[in-house]
Amino acid sequence: MTQNIFDIFDNYNEEESKHIKLQEKPINTQSVKNRVMEQTQQKKITCTSKKWYRFTAIAAAAAVLVTGSAISVSAGFDGISEFFNSLFSSESPESPEVMGSLVTQPVVDFDSSNENVEFKLLGLYGDNSQAMLSFEVTAGDNIKLSEDMASVIYITETDENGTEKELVQSGEYKYLKASDTVENTYYLNLFLREPDLQGKNLNISFNNFYTEKQIDDVFSQLQDFDTSMLKDYIIENYGEDSLERFDKESILPEEFDVDVWKNHRKEMNMDELIKNKYKELYASSEKAVSGVWSSEIIMDFPVIEPITASYSETITTAQSQASLKLDTISAQFTRPNTDDGDGIGYVLTLRDGRKIISDTWFCSRDEVDEDLNLILKENYVALTMLYGSWNEDDTEFTEVLCYSEPIEPQDIVEIKLLCSKDGNRDNISEEIIYTAQ
């Protein structure tokens, strides 16, 4: 299920809200998109299937992984300098032992349709809920690669029962990063966000290399395809006059029913049509370098046994039964998928007194600035990413907090559940849902 833009305000009650009233205004969506991309230094945003996510430290996500750790080194870190170089710069971080014990370097083979470009897996870093993979890409003398080229990556995972599932990152593209020390050598880094990664077989294929212009051309054609389906719907339900206004002013008909349109998209399986069109457009597009490089990688991380627990929510509207799972560099919270509109947050307290908080919206006003950025950063462990995942029948929702440094599960001594039922930061209820034994 693609997260649709029309879903965002499903639970918004204009009469009860204390915030500014929502008004419908025509906007130049392309201009907004361009400004967002420029300010966040992102190339493109792709649709995700049954997932939402946001990065809390986009540019520095890898760098903060080596700021400190309570985990002792159980293995040496000789031979993983290339892995560090691919993530940071020409030099390894000052304390590679911090994350060295969690880096594995399995030997994998790549099937290739272009032997003039070679792929090599440099290493894996992760746990059950997140993973960083780094690949070295080497070009032959007759192949010209550059940092303005990207490869489209398709990823599926296979569990122990042979069940195959496409990951949310499948179909994304990644730009090359040039080596600071070796000519004609580049890196591709993946950051996977997916629950229950440990033990899965990852089937990954890198498909061709494209310039930024070629990628922009594909997205322009994909946008035209998506818009054409909306236009067909407008003609069928509201007539030619409504379509003419939409073409001129990008304004939907006054009678346009968002819920009916969303149901129509589901009934016509439009998300799948768009995904197939996406693959078709890339396959037929011009390419800077042609080729497919594929391999199978087992997600096997040297992590500590996770801690799991069940608890009852008493402060939420649903008052549900829920569960949590504490891994080495992430925490999962699973609860029924309800439409009660509650704002939910979590605060994890570590043995050394520091805290991990799922959303700074729940912090006190003296701890955050006007943009809800933490002021007292030394008292907190930063998150590299926060994401959510629904199960197959949409009955459960899992929120995943990805830490910026490894933390032993037993070093989390307390977890509080926070709940706001009215969107008021001054009216937040809390209860303890976990205490270390």
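Where a number appears in this text, it was derived from the coordinates with a stated rule and is not lab data. All values reported here derive from a predicted model rather than from experimental measurement. Cβ atoms come from the backbone with ideal geometry, glycine included; neighbour counts cover every protein chain shown.
Brief remarks follow.
- Gain upon complete extension [Asn237, Asp422; 0.36 nm per residue less C-alpha separation]: 62.9 nm
- Listed peptides 145-158, 255-268 by packing density, highest first (mean Cβ within 10 Å): 145-158, 255-268
- Rounded to the nearest Hz, the phi-derived 3J(HN,Hα) couplings of region 210-224 under the Karplus curve 6.51 cos²θ - 1.76 cosθ + 1.60 (θ = phi - 60°) are 10, 7, 4, 5, 5, 5, 4, 4, 5, 5, 5, 5, 5, 5, 4, where x marks glycine and proline.
- Gyration tensor (alpha-carbon) shape descriptor, region 72-303, a/c threshold 1.5: prolate
- Here r is the Cβ-Cβ distance between Leu281 and Glu414 and R0 is 35 Å; the resulting FRET efficiency, rounded to 0.05, is 0.10.
- Full extension of the segment from Thr317 to Asn116, taken as 0.36 nm per residue of separation minus the current Cα-Cα distance, would add 66.4 nm.
- Pairs over the 29 Å Cα-Cα cut-off, from the set Lys200/Lys275; Lys200/Lys262; Lys275/Lys325; Lys231/Lys275; Lys177/Lys355: Lys200/Lys262; Lys275/Lys325; Lys177/Lys355.
- Cα shape, region 211-339, gyration tensor, a/c 1.5 rule: oblate
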